[in-house]
Amino acid sequence: MLGMAPKTARKRTRSTTRERGSEKPDGERERSGRTPRAIWSGTISFGMVSIPVRLYTATESHDVQFHLLHKRDGIRLQNVRWCPKDEKSVPWDEVVRGFEYAKGNYVPITDEDLDHLPVKTVHTVDISDFVKLEEVDPIYYDKAYYLAPEETGAKAFVLLRQALEQTGRAAVAKVAIRDKESLCLVRPYQDVLSMDTLFYANEIRSTKGIAVDGAGVSPKEIQMAISLIENLSDTFDPERYHDEYQAALKKLIGAKVEGAPLPAAPSERGEKIVDLMEALRASVEATKKKASDRADEKAPVTRTRTISSRRRKSA
């Protein structure tokens with residue numbers, strides 16, 4: 001089980017009551033400092049082993065952030081916590097969370113109230129199962145975190161990580177973070193453990209009403225689609241992919257700031273191919289060279305060594 005530090009978690013929950021956009025994202029706050037800042041601390045326990053750990057956010061946003069302006073004069077608008085009864089803005093120290101149990105009727109919920117929740121995950125998280133990682137469909141993944149050991153728990157932490165690696169398993173558990181109990185998956189990642197919060201089954205929407213049947217796809221069309229997939233197949237390397245939209249957006253913003261002409265809009269693509277088989281055939285032909293080039297990039301070293309070794313033998 002994971003033992004939570006409830007006070008640390010409670011401090012973080014207060015920020016969730018703020019209006020959207022009033023706080024920097026976790027990743028942005030971390031980038032402003034030299035080292036990541038733990039957002040939670042506790043212990044991982046399995047059997048009789050207890051491992052003190054710290055929790056860090058694993059992802060960060062690089063999206064361009066916009067603000068709301070008054071269209072007429074370009075002045076930035078302010079988010080105000082307005083009390084319609086007192087007809088004035090309310091400071092943060094007078095703000096509490098509340099639940100609307102009936103139309104217009106609210107009950108306030110304090111941190112002390114939450115401490116009385118009759119569930120284990122307020123203070124601890126139980127690891128209930130160990131499962132194969134490939135059994136968890138990616139649609140269940142929500143938010144990624146890193147778990148790193150405290151100095152006193154380094155050996156036990158490495159033991160757990162290596163055991164998970166060698167068995168190909170991940171730990172299914174529950175954790176309460178930011179006023180929400182989440183299902184989570186603890187798994188090895190590089191030299192730490194990743195803790196991914198998961199959606200519950202009832203949070204995944206059904207495909208009923210949007211699913212389609214075979215729609216009369218022919219065997220030839222399937223084979224052609226398979227050929228296209230094979231031509232475009234490669235190993236996954238995340239460094240190959242870049243957010244071109246954000247890069248273009250920053251250029252556009254820079255041009256507007258400097259009063260320069262805006263970048264040219266993309267030209268219209270060629271004529272649309274209505275016939276599916278014709279579109280597949282054209283795509284396969286267009287990707288043949290790419291598949292061939294990719295094979296050539298991987299093969300030369302092996303062929304060169306083979307040729308050179310044969311020459312040495314003949315000599």
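The values are calculated or read from the model by the stated rules, or taken from the named source; none is laboratory data. Here the structure is a predicted model, which is why all the values come from computation and not from measurement. Glycine gets a Cβ as well: all are built from the backbone with ideal geometry, and neighbour counts include every protein chain shown. Areas reflect the complete protein model, heavy atoms only, side chains present, ligands, DNA and RNA absent. Shrake-Rupley method; radii C 1.70, N 1.55, O 1.52, S 1.80 Å.
Residues in segment 97-110 that are without any contact (Cβ under 8 Å) to a residue 24 or more places away in the chain and within 19 Å of ASP179 (Cβ to Cβ): GLY98, PHE99, GLU100, TYR101, TYR106, VAL107, PRO108, ILE109, THR110. Scanning segment 74-91 for residues that are open to solvent by 80 Å² or more (accessible area, probe 1.4 Å) and under 28 Å from VAL257 (Cα atoms) yields a count of 5. Got at least one residue in segment 166-174 being over 20 Å from the mean Cα position of the chain (by Cα), part of a loop (DSSP other than H, G, I, E, B) and not charged (D, E, K, R)? Yes, the conditions are met somewhere in segment 166-174. For first residues located in segment 70-90 and under 17 Å from GLY104 (Cα atoms), partners that are among the aliphatic types (A, V, I, L, M) and modelled with pLDDT of 90 or more and lie 6+ apart or on another chain with Cβ distances below 8 Å form the pairs TRP82/VAL90; CYS83/VAL90. Considering (1) under 18 Å from GLN65 (Cα atoms); (2) in contact with a Lys or Arg (Cβ under 7 Å, 6 or more places away or on another chain); (3) charged (D, E, K, R), the lone condition that ASP234 does not fulfil carries the number (1).
Restricted to segment 228-247, and to residues there that are outside any loop (DSSP other than H, G, I, E, B) and in contact (Cβ under 8 Å) with a residue 60 or more places away in the chain, the residue that is most open to solvent (accessible area, probe 1.4 Å) is GLU230.
Just one of (1) open to solvent by 40 Å² or more (accessible area, probe 1.4 Å); (2) assigned to a helix (DSSP H, G or I) fails for ALA225. It is (1). Number of residues in segment 161-175 that are under 16 Å from LEU55 (Cβ atoms) and open to solvent by 20 Å² or more (accessible area, probe 1.4 Å): the value is 2.
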